[in-house]
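Report on one structure; see the data block that follows.
Every number here is computed from the coordinates shown, using simple stated rules; none is lab data. Computed from a prediction, not measured in an experiment: that's the story for all the values here. In this analysis, Cβ positions are derived from the backbone assuming ideal geometry, glycine residues included, and neighbour counts consider all displayed protein chains.
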Amino acid sequence: MSGPDQLIATSRARLARARFWTQMLILLVRPESLDRGHGSDAPPHELDDRHTHARSKVRRRGVVWLAYGFSARNLLRLLAPALLVFLPIGLLAVPVLFVLVDGSAAVVNGDFELVGRPEPPLLGWAAAVLVVSLAGQAVALPATVVLAAGLLVGKKVSISGALRAAARRWPAMAVLVLVGVVACTAALAAGLGVLGWTGAQGLAYAVMAVLALFAMPCLLAVASVTLEGRPAKHALARAYRLTAGASGATAFTLAFGVVLFPVLAEQAANWAVSGLPIAPAVAGYVLALVAVPFQAAVIARLFLHRLVIKGTIAEFKEIVDGLPESAPRPARLMPVLAGLLLPGLLYGGAVLVNPLGWPEVSETAVTRTWPRDPDAEVFEEDGRTKPELGASHLQALYAGRGGRMVMLMDDFDPAKLLTCMDSTCAQTRLTWAEPVGAVPGYTAAGARLADGRLVVSTWAEEGADEDGLAVDDDNWRARLGLLLCDATACVPAPGGKPITEVTSSRQDRTIALAVRPGGGLLVAQFYELPWGESDTPEEGLSITTCDDPACTRPHTKEVAKLPADKYRDDSRGLITGVGPDDRPVVLRFDRETGAVFVISCDDPACARTRTGRPARGSAYYSDGQAGAAMLVRADGRPLIAYLDVNDSAIKLLDCRTRECSQAGTTTLSGPGHNTAPAMVLDRDGRVLVAYQDLDRDRIVIATCTGTACVRTPVTTIARGGGRGLAMALDGRGRPMIAWTDFGDWHDWDLVVTTALNLPPD
């Protein structure tokens, strides 16, 4: 060969090699650019090229990341089946929910919330929505798998064609859904069984995880049913055969791509919008729809990937050729966004506008971030450790100065004051009320003065050790004094002197305080009586009247003898009030029997008294968890709310006489498990009674005008509730409830719930 001919041949060979490597480079970078045959009418060699190209695409490793990237690029199109299926379900379910929850829902912190335990209609609604959603998922997921498979192999599939293909396979998909429910139930039951048998929580989780991983290949049966048309039984067998040789990798791929990553994304979104009203519900709905394309892409790509790895070329071609090819319409952004946001807009509009008049509530878990154990290394200026709160410390709630709300806290330690800067109680200040040396173990009493300050009782003793135990009985004595408190500190009442003095450590020191119309003070106190001729122990009731809050000139009078109560160290059994005519009224609730006694004075000095017993109680009641609340109206007649121990219902006594010897009775709650009520009189003269309905896990406010009452559930009891509940009106006249939600000694919160609106009578 001559020189020129050799040069020409060499050039041609180099050009051919360059063309070959150029085509290979294009195939690696953008393999779809070489795919020319998209229809069934393409020549055979173009079909073979398309199949080869599709196999090369789905053979690549990293199924989850490739599937997720593919879903993100084609999200608008892949979202269509889920939107078409779930949008009507959401638009129907939300209005039905709002109609069913009438009377058992509230807007809490700007968001919709079911209050208490769901009633049968709500449970039926939830079951129906679950069943319909599962049925919808049995269509939406396989239809999206068909769309994803078509896009992966370069074949055009319309949305309607994918939905028709999924609908034709619905019976088999229903069987797969049932198998999935049974598998999840079996894994959960096995984990609970291991937990009950061994008590090892980690082992129980491990058992559930292993069983769940073993069931993961069932998800590939979705692709087998929709892409190959197999019955459910054969599709399941097919799925497990495809995983042979890589069962662990396949199970983990499905677990992470279909289950774990979508769940983590939803949790992250909930965390990101947790403080925003409405946003969590809207984000949850949107993410539930957006997750379907990613889950379907993982299933479709992994199924095709395993087919190619197994070398089943003929079956791969059959799947590609069997896809419902049609001319798809382009996906449009605005309709997709409208479908995603429409249920959320409906939900958000209903919550913001509140056309059904749900109660609107502000709620703060005050102690959510507080430590539960005392920090002995942190000391106050007086040498004491910083005050800590306990689950049983809440005693009373008062409106303080400047719109502040103040809680009196006491148990076995000296009393404390928890001040909320406003009715939301987002900012608080906890300070000691009683000074160093105050007698521990006795509950302090309090009352609100006209200027917003509090007057708080305190006991000082002599002849006792640091634990309050008498060292020398002959020289032991305790003196009752008063403290005047504002939001920052308490100081001894100026010029005050001991109201009473006791010289026996066995003597009871239960007292109650009330402010007199002229600014003075009323002190009611129980004291022990010596055993008389009767076999029933008795105790005496004395009333001390003071002309000023410091009680500089106390006048004490013994006014009644009542059956002794073994719970008399708890101040909830003694309540006192004063009418506008300065005549005292005292309520004694016997927490051993549930009996209610009312002692009324005929004049301010209590020269003559009358005693009524409007509730007889029960001789066999020994729970000691019940209680009562009392208000004195402008005409001097009391209103009493109490827990009737005979049927555990909350009842309201409308006393017709000052001593309540005659009264009308209104039942505020049904029989069951309720706790002692709290009561206030609002600015419109209505009686508001709050109590915990433990049977339905909710707190209820009963609004009464006379004997006509409307009951409004305002919040849910998340743990087990507790007997600590107090109520007062905030600076804007709205009822504010402080209560303890108790699970155990390390799982409890002090919660403040403010009803921003209440329905009319």
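Side notes on the structure shown:
- Compactness of the stretch 192-235 as Cα Rg over 2.2 N^0.38 Å, two decimals: 1.71
- Span-rule helices in the chain, defined as complete DSSP H runs reaching 20 Å or more along the axis (Cα) with Kyte mean at least 1.6: 75-100, 120-153, 170-198, 201-215, 333-353
- Amide H within-cut-off set for GLY627, under 5 Å, with H built and near neighbours excluded: LEU643, ALA676
- Each Lys and Arg adds +1 at its Cβ and each Asp and Glu adds -1 at its Cβ; summed about the Cα centre, the chain shows a dipole of about 5560 debye.
- Using the Cβ-Cβ distance between ASP111 and ARG401 with R0 set to 35 Å, the FRET efficiency works out to roughly 0.65.
- Proximity of backbone amide H atoms, modeled 1.01 Å from N, is registered between THR510 and PHE526 at under 5 Å, excluding neighbours fewer than 5 places apart on the same chain.
- Taking each of LYS57/LYS155; LYS155/LYS310; LYS155/LYS317; LYS57/LYS310; LYS156/LYS233; LYS57/LYS156 in turn, the alpha-carbon distance tops 18 angstrom for LYS155/LYS310; LYS156/LYS233.
- Relative contact order %, the chain, counting alpha carbon pairs below 8 Å whose residues are six or more apart: 10
- Across the chain, Cα-Cα distances exceeding 36 Å account for 58% of all pairs.
- Scaled against 2.2 N^0.38 Å for its residue count N, the alpha carbon radius of gyration of the stretch 95-173 is 1.64.
- J(HN,Hα) series, the stretch 719-730, from Karplus relation 6.51 cos²θ - 1.76 cosθ + 1.60, nearest Hz, glycine and proline x: 9, x, x, x, 6, x, 8, 9, 9, 8, 8, 6
- Over the stretch 112-229, the hull volume per residue, using the convex hull of the C-alpha atoms, is 175 Å³.
- From helices alone, the chain scores -12000 deg cm²/dmol at 222 nm; the rule is -39500 (n - 2.57) for each run of n ≥ 4 DSSP H residues, then divide by the residue total.
- Net charge of neighbours whose Cβ lies under 14 Å from the Cβ of VAL406, counting Lys and Arg as +1 and Asp and Glu as -1: +1
- With the convex hull drawn around the C-alpha atoms of the stretch 671-710, the volume per residue stands at 70 Å³.
- Partner lysines for LYS416 [C-alpha distance under 26 Å; skip if fewer than 8 residues away on the same chain]: LYS386, LYS497, LYS566
- Spin-label pair ILE313/VAL353, simplified geometry with 7 Å Cα→Cβ offset, distance in nm: 6.3
- Cα convex hull volume per residue for the stretch 641-761 (Å³): 113
- Long-range amide H partners of ARG633 with built H, under 5 Å: LEU639
- Global size of the stretch 581-671 as Cα Rg and Dmax, reported in angstrom: 13.1, 41
- Inverse of mean 1/r across different Cα pairs in the stretch 192-305, Kirkwood, Å: 16.1
- Only the Cβ atoms of Lys and Arg (+1) and of Asp and Glu (-1) were treated as charged; on that basis the dipole of the stretch 627-759 about its Cα centre amounts to roughly 500 debye.
- Building the convex hull from the alpha-carbon atoms of the stretch 250-325 and averaging its projection over directions returns 6.4 nm².
- Alpha-carbon Debye profile of the stretch 393-436, log10 I(q)/I(0) at 0.19, 0.21, 0.34 Å⁻¹: -0.53, -0.63, -1.20
- Whole-Hz couplings from phi, Karplus 6.51/-1.76/1.60, listed for the stretch 407-417; x for Gly and Pro: 10, 8, 10, 7, 7, 8, 8, x, 5, 10, 10
- Net charge of Cβ neighbours under 11 Å - reference LEU668; Lys, Arg +1; Asp, Glu -1: 0
- In units of the compact-protein estimate 2.2 N^0.38 Å, the stretch 70-138 shows a Cα radius of gyration of 1.42.
- Rounded to 0.05, the FRET efficiency of the ASP682 and TRP170 pair, given R0 = 51 Å and the Cβ-Cβ distance, is 0.35.
- Rounded to the nearest whole Hz, the Karplus-based 3J(HN,Hα) values (6.51 cos²θ - 1.76 cosθ + 1.60, θ = phi - 60°) of the stretch 354-363 follow the sequence 6, x, 8, x, 5, x, 9, 10, 10, 9, with x at glycine and proline.
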